[in-house]
Structure formats: structure tokens, C-alpha cells
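Worksheet for the structure shown next.
The values are calculated or read from the model by the stated rules, or taken from the named source; none is laboratory data. Being a predicted model, the structure only gives us computed values, none of them experimental. When we count neighbours, we look across all protein chains shown, and the Cβ atoms used for this are built from the backbone with ideal geometry, even at glycine.
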Amino acid sequence: MKYALSALAAGFLVAGLLGCSGGPMTTREKGTAIGAVGGAAAGGIIGAAVGSPAAGALIGGALGAGTGALIGDQMQGQEKKQDEQQKQIDQNKEELERQRREMERQKREREY
């Protein structure tokens with residue numbers, strides 16, 4: 001019962017902290033939240049086995065949040081890189097289309 005209350009309290013704490021952010025969550029924030037909740041749950045279970053579920057949940061939550069933030073940061077960096085690559089691909093497509101239209105225009109001019 002103590003573990004359940006500790007995990008529930010940790011969940012409300014994380015939800016409350018995340019609820020304060022304005023706008024949609026970033027990938028880094030999502031990773032932090034998932035890590036914190038998962039770490040708190042795992043820490044609570046381990047802590048319950050040694051007689052201190054609350055301490056285990058707090059320690060696990062902190063470690064999980066740190067790990068989740070690092071993983072989320074890496075994922076966010078990759079998303080940004082992919083977005084930049086897609087933007088470059090789109091620009092290249094637009095340039096190719098512009099050049100194709102120009103070639104067609106020049107071809108028509110030579111025919112007349």
C-alpha cells in the first residue's frame with residue numbers, strides 16, 4: 001500500500017510539473033516524463049523489497065528523469081536533423097521544377 005501511494009504521489013508530482021509547461025511537449029520533455037515515471041515505478045518496487053518504497057521511488061524517479069532527458073535530447077536532435085534534411089530535399093525539388101519549367105520555356109521559344 002505504501003508503494004502504491006508513493007508511486008501515485010510521484011506520478012502526480014511529475015504530471016503537475018509537466019502541466020506547467022506552455023504548449024506541446026518537446027521530445028526531450030516527453031523522454032524526461034517517461035523516464036521519471038518509469039524510474040519511480042521501478043525504484044518503488046526495488047525500494048519496497050528493501051523496506052523503503054518512497055526513497056526508492058524518489059531515487060528511481062530522479063535517475064529515470066535524467067536518463068529520459070538524455071535520450072529525449074538525442075531523439076530531438078535527430079528529429080531536428082531530419083527536418084533540416086527534408087527542408088533541403090524540398091528546396092532541391094523546387095529548384096529542379098523551376099529549371100524544368102525554364103527549359104520548357106526556352107524550348108518553346110526556339111520552336112517559334
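Quick notes on this structure:
- The lone exception for residue 94 - which of (1) modelled with pLDDT of 90 or more; (2) surrounded by 11 or more Cβ atoms within 10 Å (Cβ to Cβ) it fails: (2)
- From the list 99, 78, the lone residue that is at pLDDT 95 or above, closer than 16 Å to residue 30 by Cβ and either of a type outside the set (Val, Ile, Thr) or part of a helix (DSSP H, G or I) (or both) is 78.
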